[in-house]
Amino acid sequence: MADAKPFHWEYEPPRVVRERYLVTGGKPLEGSTRVSGAKNAALKMLAAATLTGERCRFTNVPEIEDVRAMAETLSDLGVVVDHPEPNTYEVSAGDVDWLFVPLEAAAKMRASFMLLGPLLARFGEVVISNPGGDRIGRRPVDLHVDAMRALGAEIEYRYGYYYAKAPGRLRGTEVRFPFVSVMGTENAMLAATLAQGHTVIRPAAQEPEIDDLIDFLQKMGAEVQRTYPDTIEILGKRRLRGADHAVMPDRIEAGTFAIAAGVTGGHVVLDGADCGSMDALVQIMGEAGLEVTCSPGRIEVDARQAGPGGLKPVDITTGPYPELATDIQPPTTVMLTQAKGDSKVHEAIFEDRLEWTGELNKMGAKIELKGPQRAVVHGPAKLHAADVEISDLRAGASLILGALAADGTSSIGGAHHVRRGYENIERKFLDLGARIERVQEGESVTSQ
Ligand code: UD1
């Protein structure tokens with residue numbers, strides 16, 4: 001399989017259905033909605049299911065395009081993927097025909113690279129394309145590749161593809177990362193579950209989705225534990241078994257809807273949300289003057305007292321968990337447009353995650369870039385309707401938030417970015433009394 005020649009076939013870029021959101025804002029959101037399962041846990045679990053030939057069953061899987069893309073990629077490898085009912089997926093990787101993850105799959109999402117570790121560990125080889133995903137910075141995969149090499153793999157990079165081989169079995173080792181990487185940690189961890197001997201991963205990322213993945217791996221019979229906050233240890237097994245798992249709630253989705261209450265001066269209850277995984281955001285919302293009440297499986301956010309434009313400014317910096325998640329930075333930045341005074345934003349993880357604020361400024365926000373990773377949000381801004389374009393997943397949700405706080409009807413192009421990671425976002429906003437529809441070529445596709 002891993003021959004030296006480049007691949008010669010017609011690459012078909014993924015086809016995108018052009019849709020836009022029409023959002024009429026200026027109304028406080030009121031009501032409750034249910035938080036879906038976490039995208040960043042579900043995708044890794046679907047990949048982890050290839051570590052065994054037995055069936056794995058996942059519930060609370062979000063119905064999003066990234067999950068569909070991962071399911072399709074697995075099917076193309078010859079893995080049997082069933083979707084017996086909404087939010088449930090069953091994966092049986094008994095037979096795998098191809099150990100090849102093509103550019104078509106990789107261009108759709110970065111999480112396709114999560115197949116490197118498990119396929120290499122179980123089958124001893126894989127050819128996998130350099131991954132795509134949101135264009136929010138360089139996003140290399142060198143840490144993943146170095147971790148596999150440390151585990152004994154031979155990897156060459158040619159013409160956009162990594163050719164990976166593990167002669168014999170992967171070998172347990174100390175995987176030392178120069179800095180924390182979420183998927184780097186996960187890929188190393190998945191590979192090590194089938195390696196010979198003991199692996200220590202340090203510094204291991206501490207994101208709660210990784211602990212949910214550990215939970216699932218333990219159900220598969222893997223010996224894997226977080227022994228210190230920044231250390232994961234694994235004793236490799238010869239084989240793992242099938243398991244059932246319910247995916248944890250999505251903290252970024254929950255945060256997005258919590259902030260929707262904040263920017264519109266509304267009152268929102270989020271069922272199924274897990275406050276425990278959202279400490280940094282909950283603290284910032286509190287400092288901004290929102291009333292946040294946490295109870296098991298539920299978050300209530302009340303912004304009626306502060307009202308839109310009446311929040312307090314807060315300086316924010318993103319970082320690895322438990323710091324503020326970079327994925328919730330764009331929504332938080334929208335919230336800060338409604339604060340009385342200036343807030344500083346420091347995006348410390350990705351290089352290009354503030355560019356999209358130019359679109360928010362078209363709605364009347366006053367966000368001044370102070371370099372690629374720093375900005376000052378001058379508030380409060382009276383937002384107004386605009387015609388804007390989405391550049392990535394979280395920027396998309398954030399432009400919807402801006403439109404919900406703005407007077408008039410905004411048109412937001414590029415809905416496919418949002419559909420990658422939010423399950424039916426328009427229906428959930430409708431639950432909260434928003435006026436929003438997703439339209440394609442002038443036709444309304446949202447019936448509620
Ligand atoms: C994951 C999440 C993404 C989130 C990010 C940070 C998934 C599917 N995606 O992405 O939503 O925004 O964590 O919380 O779970 N880096 C390298 N070399 C590497 C890997 C990463 O230089 O091999 C850099 C990245 O460019 C970035 C930093 O490390 O600056 C952290 O990225 P990382 O934690 O790896 O993010 P992802 O796992 O790609």
Once amide H atoms are placed 1.01 Å from N in the peptide plane, what residues at a sequence separation of 5 or more from Met248, or on another chain, have their amide H within under 5 Å of its amide H?
Ala38
Considering only lysines 8 or more places apart in sequence, or on different chains, count the pairs in segment 303-448 whose C-alpha atoms sit under 19 Å apart.
12
For segment 362-379, just list the computed ³J(HN,Hα) in residue order, Karplus coefficients 6.51, -1.76 and 1.60, θ = phi - 60°, integers in Hz, with x standing in for Gly and Pro.
5, 8, x, 5, 10, 10, 10, 6, 10, x, x, 10, 9, 8, 10, 9, 8, x
Using the Karplus equation 6.51 cos²θ - 1.76 cosθ + 1.60 (θ = phi - 60°), what ³J(HN,Hα) coupling, rounded to whole Hz, does each residue of segment 243-258 give in order, writing x for Gly and Pro?
7, 10, 8, 9, 5, 5, x, 7, 6, 6, 4, 4, x, 4, 6, 4
Answer check: segment 50-106, Cα atoms, Kirkwood Rh, Rg/Rh ratio of 0.96
Integer Hz, Karplus 6.51/-1.76/1.60 couplings in order for segment 264-275, x for Gly and Pro:
9, x, x, 9, 10, 10, 10, 7, x, 7, 10, 4
Selection from Ile412, Val175, Gly379, by position along the positive dipole direction of the chain (Cβ)
Val175
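Mean separation of Cα pairs under 8 Å and 6+ residues apart, divided by the residue count of segment 39-246: what relative contact order is that in percent? Don't skip to the answer; put the middle values down first.
Numbers: 469 pairs, mean separation 42.8, N = 208.
Relative contact order for segment 39-246 comes out at 21 percent.
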Order the peptides 324-337, 230-243 from the highest to the lowest mean number of other Cβ atoms within 10 Å of their residues.
324-337, 230-243
Where nothing but the Cβ of Lys and Arg (+1) and of Asp and Glu (-1) is charged, how large is the charge dipole of the chain around its Cα centre, in debye to the nearest 20?
520 debye
Kirkwood Rh and Cα Rg combined as Rg/Rh, segment 39-246
0.92
Sorted peptide list for 30-40, 84-94, 388-398, criterion being average Cβ within 10 angstrom, highest first:
388-398, 30-40, 84-94
Treating the Cα atoms of segment 316-380 as identical point scatterers in vacuum, please give the log10 of the normalised Debye intensity I(q)/I(0) at q = 0.18, 0.22 Å⁻¹, two decimals.
-0.56, -0.84
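Can you tell me the order of 401-408, 42-49 when each peptide is scored by its average per-residue count of other Cβ atoms within 10 angstrom, highest first?
Listed from highest to lowest mean packing, they are 42-49, 401-408.
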Classify segment 294-448: rounded, prolate or oblate, from the alpha-carbon gyration tensor (a ≥ b ≥ c, eigenvalue square roots; a/c under 1.5 rounded; otherwise prolate if a/b is larger than b/c)?
rounded
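Relative contact order for the chain: what is it in percent, counting Cα pairs under 8 Å that are at least 6 residues apart?
This gives 20 percent for the chain.
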Rounding to the nearest 20 debye, state how big the charge dipole of segment 39-246 is about its Cα centre with +1 on each Lys and Arg Cβ and -1 on each Asp and Glu Cβ.
620 debye
Out of the DSSP beta bridges found with both residues in segment 39-246, what percent are antiparallel (nearest 5)?
75 percent
Got a number for the accessible area of Phe58? Probe 1.4 Å, square angstrom, nearest 10.
0 Å²
Quick check on the chain: what does the Kirkwood estimate of hydrodynamic radius come out to from the alpha carbon pairs, in Å?
22.3 Å
Arg68-Arg298 pseudo-label distance in nm [points 7 Å out on the Cα-to-Cβ vector]:
3.4 nm
To test your reading of the geometry: what angle, between 0 and 90 degrees and rounded to tens, separates the Cα axis of helix 393-405 from the longest principal axis of the chain?
10 degrees
In the chain, with Lys and Arg counted as +1 and Asp and Glu as -1 at Cβ, which of these residues, Thr332, Val80, Ile349, has the Cα nearest the positive end of the dipole, that is, farthest along it?
Ile349
Restricting everything to alpha-carbon atoms, can you work out Rg to Rh for segment 34-141 with a Kirkwood hydrodynamic radius?
0.95
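The values are calculated or read from the model by the stated rules, or taken from the named source; none is laboratory data. Fair warning: this is a prediction, and the values are worked out from it, not measured in the lab. Heads up, the Cβs are rebuilt from the backbone with ideal geometry, glycines too, and the neighbour counts pull from every protein chain shown. Please note that ligands, DNA and RNA were not included when accessible areas were found on the heavy atoms of the full protein model with its side chains. Shrake-Rupley method; radii C 1.70, N 1.55, O 1.52, S 1.80 Å.
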